[in-house]
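One structure is given below, encoded as structure tokens.
Just so you know, all these numbers are worked out from the coordinates, no wet-lab data involved. Computed from a predicted model, the values in this text were never measured in an experiment. Positions of Cβ are backbone-derived with ideal geometry, glycine not excepted, and every protein chain shown enters the neighbour counts.
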There are 4 protein chains.
Amino acid sequence: MGGYPDSAVGDLVIAGEKIGSRLILGTGGAASLAALDEAVTASGTAMVTVALRRVDAAAGQPGGLLDLLERRGVKLLPNTAGCYTAREAVTVARLAREAFGTSWVKLEVIGDDRTLLPDAVELVAAADELVADGFTVLPYTTDDPVLARRLADVGCAAVMPAGSPIGSGLGINNPHHVRLLRQAVDVPVILDAGIGTASDAALAMELGCDGVLLASAVTRAQDPAAMAAAMRHAVAAGRLAYGAGRIPRRFHALASTPDEGRPDL
Amino acid sequence: MGGYPDSAVGDLVIAGEKIGSRLILGTGGAASLAALDEAVTASGTAMVTVALRRVDAAAGQPGGLLDLLERRGVKLLPNTAGCYTAREAVTVARLAREAFGTSWVKLEVIGDDRTLLPDAVELVAAADELVADGFTVLPYTTDDPVLARRLADVGCAAVMPAGSPIGSGLGINNPHHVRLLRQAVDVPVILDAGIGTASDAALAMELGCDGVLLASAVTRAQDPAAMAAAMRHAVAAGRLAYGAGRIPRRFHALASTPDEGRPDL
Amino acid sequence: MGGYPDSAVGDLVIAGEKIGSRLILGTGGAASLAALDEAVTASGTAMVTVALRRVDAAAGQPGGLLDLLERRGVKLLPNTAGCYTAREAVTVARLAREAFGTSWVKLEVIGDDRTLLPDAVELVAAADELVADGFTVLPYTTDDPVLARRLADVGCAAVMPAGSPIGSGLGINNPHHVRLLRQAVDVPVILDAGIGTASDAALAMELGCDGVLLASAVTRAQDPAAMAAAMRHAVAAGRLAYGAGRIPRRFHALASTPDEGRPDL
Amino acid sequence: MGGYPDSAVGDLVIAGEKIGSRLILGTGGAASLAALDEAVTASGTAMVTVALRRVDAAAGQPGGLLDLLERRGVKLLPNTAGCYTAREAVTVARLAREAFGTSWVKLEVIGDDRTLLPDAVELVAAADELVADGFTVLPYTTDDPVLARRLADVGCAAVMPAGSPIGSGLGINNPHHVRLLRQAVDVPVILDAGIGTASDAALAMELGCDGVLLASAVTRAQDPAAMAAAMRHAVAAGRLAYGAGRIPRRFHALASTPDEGRPDL
């Protein structure tokens, strides 16, 4: 786009593997497979999360979800949605590994169904066990930098902090914590959950996140494909801005055109 | 970009004229003409503001600013930067019309040099006089919806509210007022001043603005061309998101993957 | 209260006159005179605004609003609520001067009935005329520092910027502008409109305002007297904090108990 | 104060014990014992936290810290500041029980010294062990509602979420999480850490917290006693406002004085 190379946005690299886009899509909430297909294409995503139970019946069916993702060249990232304990999550992760033939897993261990926020204690236990079992673990976590470092320390390949509760559309409730978390770990940080609109995704990238994961913001928008395209632009915008070195914030104004009254070009 | 047409971002139309981009660039603060040229190209802008005095010496010089803008096919929008009264601003606008051969003017009547915020009373008086004199007037104004309507009522072709003080990089200090202002007028609204980074520009568009004008955020960034590209993406992102119908904000979470435990695709 | 003197909160001084409280109350929205009486008492206010038309019938009636305020030793501040032009506002101010025997006036010149924000141009014109006519003028204005300085320059005794639209309960939408405005004028600044709860009032004072004016936040609360007491504490809290010299904001933590492992008292 | 009873602010009750104030003070950062004494008095606090090591030398000395607190009738709450593991924290808690003759403990298990945020996993382990050992445990925690419920479930007598990092003065970074946390537990919630000024404390109470704990905001303010008085008012203000039933937030204005042009009292 324009005279500036899109390649400046760069690739997301997780566990040594290049992912061709910094935008990861969830499939939940899509009105139909056709709508999801359009959103996937418009988003330019290269990795999509899927819950194990969503594909029981359709797995392997031609024209089903897995088929669609394969046709689009999109990497599948199974998640453990709906698990409330480490034990459940580990079991589901293993089933998913069998079903999908991948040892990557987005690890979710939920604390309650009002906030869908992770349970810190169970999450660390599950991550520890799955890493030991050879999984590439991407845990959905809170914005707590100390917890994120624990997850990185047990060997997680990335951390995925919530911006705000899943599906809330509240964006990033605590940018300060996202910054602290970004400083606390060396693995990639993927902002996951809470994104409502494009500026939220741009902000996530400006805070130093390496990628963004979102589902409802696209799948439940009135025009999912348009919102997917918006998110694609937003992630590029935020990443470029992060690298471009923004101007500092100032209390007073600073004339863009200095007052000396002479041409300064 | 991707499967979604860039045309969905649409053209900015002011006074019946199509402007080929929703991003308007100011030239102040650029380190060199070469840097400005790169930024103009990377931004995809189609209209650039220039202060009269900045081009006194260089006007018409081959290789000068005007020459550059013409080569890039960019419309020139003279401004009245540095004017503190209606009388001054009207005089400068007329000189600019002579010098640049355009009756379009970005009208600035500044109240003081700490905030560089407009003086409401002088601004309305100057706008009134310039409209009567045949100018196409785009006034730099506050985020006050009542003042914006006054400016539209005297015949301004667009209104350009400040997000925050010029050069402050504080972004949009009062999104609520920008929304109220957007409802108050029928002419295009261009968010002008205060933008610091890409998410600010995306937010401006999500609030319903028709375009964004910025200078320092690009020209004074560490890498102006990269930030210009970021802003191009950000404006596209915000505009697409605005049209896409975002999800509502919710206090509690909403599972993207419903709990019924069955495939829903 | 406690060991610290309440006198540290200090008096509000307008036009050389000491007002015994920094909290000014509006009467609109009160469910009954009895409820208003309780709120007035609990708030500790010393000045109350009244719209001229609200007292037509009841003026001078024993047991009416004016009687109540007089019994409570509260100064009456007539306003020009409902006026949309300078001419109307000047007329109403003069009628109020006759009716109430005071040349103090809270000047409101409204731009429209959706935002109830002031019309800058009409406001300055009306203020100018009323000052010339001997009034002590307290204009309800926007948070625009340039407009505030204009009002001070024409001789207003204080300026009363809106935190957010009247009755919206949104609090202070743009604290940065309130700070800029505070620096721009030497007359007292009374935050007026938009306050929803106690922390909003405390913030107003911390930003350097000399007082707070509110109506709906108290009169329409479920328990007006409790909210009035809350506001009284909040104004004291904010004023004391403003004078106490708060700690600076820091990105990282600072241990309150240093790590040296020895008693430091 | 005024016609409204201070008793409406109510008492804080923890583990069945009435604490005479909703404001808890930390002692760290105080310039001198005399300064602390003034702050304690001005704050009206009834409970003060002390780190074990701070009192080694001075414990029991007439004119020392403990003596001061006893003279002021203030309950002492030992903390485990500086502990990084459950084991350390449990040990320090037991030493404190011996030294101070109280089984109440503010449990801190810190994750790192840049953020001083708690380590979720160690915190739960330590809380569990101390509760089993008969302590009344008040853990310093994050704003994570799931973690807070875990702490309540293992028997903690209250939970003390951070508003922002200790000593940062950033206030409450994520009010939404504090609301969610408030809903998640039945034990008292004490906002602890990050408070910078009075409006932060008022906001904490408006979000439903039962009390506020702060140290630096008072001890490191330019005028500690004035800031202590400010905090006392702020906590009262916020608590009263919480109980008073604030007005809803509205996008548009609502005239406090209706337009019907007749007296409505």
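Summary table
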| read-out | value |
| --- | --- |
| Amide H partners (placed H, <5 Å) of A:Asn79, local residues excluded | A:Val50, A:Ala51, A:Leu52, A:Lys106 |
| For the A-to-C rotation axis, chain A residue with nearest beta carbon and its distance in angstrom | A:Arg249, 6 |
| GNM result for chain C, Cα springs below 10 Å: residue of C:Asp133, C:Asp192, C:Asp144 fluctuating most strongly | C:Asp133 |
| Amide H contacts of B:Asn173 (H built 1.01 Å from N, under 5 Å, at least 5 apart or other chain) | B:Ser164 |
| Label distances, nm, D:Gln61 versus same residue in remaining copies, Cβ-directed 7 Å point | 7.1, 7.4, 7.9 |
| Prolate/oblate/rounded label for chain C (Cα gyration tensor, a/c 1.5) | prolate |
| Cβ charges +1 (Lys, Arg) and -1 (Asp, Glu), total dipole of the protein assembly as shown, debye | 0 |
| Relative contact order of the range D:1-158, pairs being alpha-carbon contacts under 8 Å that are 6 or more residues apart, as % | 15 |
| Considering only the range D:102-210, percent of DSSP beta bridges that pair antiparallel, nearest 5 | 10 |
| Antiparallel content of DSSP bridges confined to the range A:1-142, in %, to 5 | 25 |
| The range B:166-265 - percent relative contact order, Cα under 8 Å, separation 6 or more | 26 |
| For C:Ser7, inter-copy label distances in nm, listed shortest first [label point 7 Å out on the Cα-Cβ vector] | 3.1, 7.6, 7.8 |
| Sum of -39500 (n - 2.57) over DSSP H runs of 4+, divided by residues of chain B (222 nm, nearest 500) | -11500 deg cm²/dmol |
| Partner chain coverage, peptide C:76-86 - average Cβ within 10 angstrom | 1 |
| Amide proton proximity set for C:Asp192, modelled H, under 5 Å, gap of 5+ | C:Ala162, C:Gly163, C:Leu213 |
| Other copies of B:Thr102: label-to-label distances in nm, shortest first, labels 7 Å along the beta-carbon direction | 5.0, 5.4, 7.1 |
| Rel. contact order, % - alpha carbon contacts under 8 angstrom, at least six apart, chain C | 18 |
| Extreme residue, positive dipole direction of chain D, given options D:His176, D:Tyr242, D:Ala255 (C-beta unit charges) | D:Ala255 |
| Tally of Lys pairs whose C-alpha atoms are under 25 Å apart, taken over the protein assembly as shown, 8 or more apart or cross-chain | 12 |
